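Report on one structure; see the data block that follows.
The values are calculated or read from the model by the stated rules, or taken from the named source; none is laboratory data. The model shown is predicted, which means the values in this text are computed figures rather than measured ones. Cβ placement follows ideal geometry from the backbone for every residue including glycine, while neighbour counts extend to all protein chains displayed.
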Amino acid sequence: MSTEHADTTRTETTNGPDGSNDADASAGPADGSAATDATDLDGEDLVLGYPNAPEPVIDGESIAAEPGAVTALVGPNGSGKSTLLKGLATQIAPEDGSVLVDGEDVHAMDAKALARKLGLLSQESTSPNSITVEDLVYHGRYPHRGFFERTTEADAVAVEEAIELAGCGHLRDREVGSLSGGQKQLAWIAMVLAQDTDVLLLDEPTTFLDMHHQMEVMEIIETLRDESDVTVVVVLHDIEQAARLADRMVALKDGEIRARGAPEEIVTEELLADVFRVDADVVQTENGPRVTPLRARHE
Amino acid sequence: MSGEGSIAAGAARRREDGRIGWLFDPKLVTVALASVAVVVAGGLVQVSFGAYSMTVGEAWRAVLDPAVLLDVHWLLSFLLGEGAMRSLTGFQGELPELAHGTLIVWNIRLPRVFVAALVGMNLGISGAIFQAVTRNELASPFILGVSSGAGLMILLTLVVFGGLSAFLPLIAALGGAVAFLIVYAIAWKNGTSPVRLVLAGVIVGTVFNSLQTGLFFFADDIGVVQSAIQWTTGSLTGTDWDQVRMALPWTVVAVALSLAGSRQLNLLLLGEQTAKSLGMSIEKVRFALSGVAVLAAAASIAVAGIVSFVGLIVPHMVRNLVGSDYKRVIVGCLFVGPALMVAADVGARLGMGVITGADSQIPVGIVTGLIGGPYFLYLMRRQQNMGEL
């Protein structure tokens, strides 16, 4: 059964819903084969809020993640970027609007079927301390398994690839409670990678990590961008990191999308002044734009 | 990709584990063997001592008496009841005579040990499930209103509807289940959350407990009050094969369901967000698992009343011993629960005799409370942060 699941997912990915993907691919820039197989993720006129807040955080915004590429959401604290991501991940039910994966409304989809297409790495993840990394990663296979099924060859392959890609093979028999923050993050990333989804949503995956582990995480996302068809949407705090990683960037402020486009169009002194309220120098380097914040703007 | 080799190795390792490989975890096996030893020792004490005293050797011989063990009619009539045995086997004659000691052991003392073991199992898995569902290691089988609902129904039956007392076990179990549904309804607001469930449990518990205490004033007979106290503190006095027959089928069902649900329980421990993003239908799973836990708790209430602390500390001990994987936790509870319960019942049945020389028994719930309190004190002293799982 489980292999069937895996196969279905794969076939669906290649075929897509009739036409729509091919149309996108031909309309979009000639990215080669990558774009043809990749999955669309669209949020349309999303109104997102929290039960206890009177005003919605996001009030009618649309966003389309570029298939097979990395889209970065940036913005100051409280700009609604994490809320938007949670809305796309169906962790928050939208008050209005809809989220579509390959044209299909996610709220009409079966929970497990959706989890085979769309994965989320939350900002805070908790787990029992005594679970091993390998067991944690195997939990990522949940949506591919039936109620009584044991793990199959396909599960083992997906888990090994995920552990390999996340670079946490040396941690596999360690207990999660004994890991550092950065190592934990790698284990959790391996878990969502094992989920083997077409769309991956990452909520501030580098925040609170040391430099080494930030680079580890960035490299994983770069590998996904360059070598796979996974559509990635990532919320990042660090605008330089975002510019370096992303094919497209979306800048939010006060729950509104203020700008979207390629990194070099977004990371400008004007935008930093407008969205982040800082005066900054922006210099283009071979590693992407370098931002030197000068002072906070008070107006 | 360093590739094929490591993938094959990992897959092979998982396959070796297979369906039952995880059972042979050395820690789990040790826990199970130690628990069985406690149950056997406690059981031997229970069958040896009492108004009709035997030596341990006599007790052994009575337990292993071939006149029972090798006689399918006797075994069936104990396990299913004499009527069921006769209609099942078509056996018409008299059951063969048994020795006096064998009769006492098999009719009176052994079933009590079995009931204790079943109650321990049920409370153990019930507590384990509730602790995962509420993600709180201080949760017990009685946290979601189960005990207060059962207690209220017990009081109502004994004080107001005396004519129904024959159905007391069923009514108590039913009261627990209904209270659980009320708690769930109160907690529901676009779905539930562990905190809302626990709070709703407190609300329902407070109201029901007040009603319960109020009902005591209307009890005009000291016998009724004593009976009510026995039920609400949990007691195994006077249990026999009827109780075994009542609890066993539900125990089997609850154990099977909780083992089947262990992977869901493991996933719940990763937090609601993660479980949801992995495609779990949280509300359905949470309700279904709670239902299994209530079933297990109800089975134990029906035969022993409300035994406190067992469901709280058993999953705790097991988790400390075998780790947090719920497959192992559930199996561990199936052994540690009976061990604790059988040992506590030794104290409840014989303790007063040893201490005061009087020939009276105390409810086993008092003994479990006396064990449970200090155990928690010890944990509190040793562990920095308790509470969240």
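Name the pairs whose Cβ atoms lie under 7 Å apart, with the first residue in region B:277-296 and away from every other protein chain (no Cβ under 11 Å), the second among the polar types (S, T, N, Q), and 6 or more positions between them or separate chains?
B:Arg286/B:Thr192; B:Leu289/B:Gln264; B:Val292/B:Ser258; B:Ala293/B:Ser126; B:Ala296/B:Asn122; B:Ala296/B:Ser126
Select from region A:84-115 the residues that are more than 14 Å from chain B (Cβ to nearest Cβ) and in a helix (DSSP H, G or I) and write down the one among them that is farthest from A:Phe147 (Cα to Cα).
Of everything passing the filter in region A:84-115, A:Leu84 is farthest from A:Phe147 (Cα to Cα).
Could you run through region A:42-64 and say how many residues are away from chain B (no Cβ under 14 Å) and either aromatic (Phe, Trp, Tyr) or in contact with a strand residue (DSSP E or B) (Cβ under 9 Å, 6 or more places away or on another chain) (or both)?
Matching residues across region A:42-64 total 16.
Give B:Gly332, B:Gly311 a once-over and let me know the one that is over 30 Å from B:Ile171 (Cβ atoms), in a helix (DSSP H, G or I), of a type outside the set (Asp, Glu) and under 15 Å from the mean Cα position of the chain (by Cα).
B:Gly332
Might you let me know whether region B:374-387 holds any residue that is under 21 Å from the mean Cα position of the chain (by Cα), modelled with pLDDT under 85 and either loosely packed, with under 15 Cβ neighbours inside 10 Å or not β-branched (Val, Ile, Thr) (or both)?
For region B:374-387, residues under 21 Å from the mean Cα position of the chain (by Cα), modelled with pLDDT under 85 and either loosely packed, with under 15 Cβ neighbours inside 10 Å or not β-branched (Val, Ile, Thr) (or both): present.
If you scan region B:253-262, which residues turn out to be facing another protein chain (nearest Cβ under 10 Å) and surrounded by fewer than 21 Cβ atoms within 10 Å (Cβ to Cβ)? Break it down stepwise before answering.
First, the residues of region B:253-262 that are facing another protein chain (nearest Cβ under 10 Å): B:260-261.
Within region B:253-262, just B:Ala260 meets the criteria.
List every residue pair whose Cβ atoms lie under 8 Å apart, where the two residues are 6 or more positions apart in sequence or sit on different chains, the first residue falls within region B:32-56 and is touching a residue at least 40 places away in the same chain (Cβ under 8 Å), and the second residue, located anywhere, is outside any loop (DSSP other than H, G, I, E, B) and of a type in the set (Ser, Thr, Tyr).
Sorted first by the residue in region B:32-56, then by its partner, the pairs are B:Met54/B:Ser48.
In region A:32-56, which residues are surrounded by fewer than 22 Cβ atoms within 10 Å (Cβ to Cβ), at pLDDT 90 or above and of a type in the set (A, V, I, L, M)?
Answer for region A:32-56, where residues must be surrounded by fewer than 22 Cβ atoms within 10 Å (Cβ to Cβ), at pLDDT 90 or above and of a type in the set (A, V, I, L, M): just A:Val47.
Any residue at all in region B:223-236 that's surrounded by fewer than 23 Cβ atoms within 10 Å (Cβ to Cβ) and more than 22 Å from B:Gly369 (Cβ to Cβ)?
yes
Which ones in region B:335-360 are more than 27 Å from B:Ala293 (Cα to Cα), assigned to a helix (DSSP H, G or I) and among the aliphatic types (A, V, I, L, M)?
Correct list: B:Leu350, B:Met352, B:Val354, B:Ile355.
So, in region A:121-133, how many residues would count as being more than 7 Å from chain B (Cβ to nearest Cβ), out of contact with any Cys (no Cβ under 9 Å at 6 or more places or on another chain) and either part of a loop (DSSP other than H, G, I, E, B) or buried (at least 21 other Cβ atoms within 10 Å of the Cβ) (or both)?
Counting residues in region A:121-133 that are more than 7 Å from chain B (Cβ to nearest Cβ), out of contact with any Cys (no Cβ under 9 Å at 6 or more places or on another chain) and either part of a loop (DSSP other than H, G, I, E, B) or buried (at least 21 other Cβ atoms within 10 Å of the Cβ) (or both) gives 4.
Which of (1) assigned to a strand (DSSP E or B); (2) within 23 Å of the chain's Cα centre (by Cα) does A:Thr292 not meet, given it meets every other one?
With respect to (1) assigned to a strand (DSSP E or B); (2) within 23 Å of the chain's Cα centre (by Cα), A:Thr292 is out only on (2).
Out of A:Leu118, A:Leu136, report the one residue that is within 11 Å of chain B (Cβ to nearest Cβ) and in contact with a strand residue (DSSP E or B) (Cβ under 9 Å, 6 or more places away or on another chain).
A:Leu118
Which ones in region A:149-165 are at the interface with another protein chain (Cβ under 7 Å from one of its Cβ atoms) and in a loop (DSSP other than H, G, I, E, B)?
Within region A:149-165, A:Arg150, A:Thr151 qualify.
Could you tell me how many of the residues in region B:96-129 are touching a residue at least 60 places away in the same chain (Cβ under 8 Å) and charged (D, E, K, R)?
2
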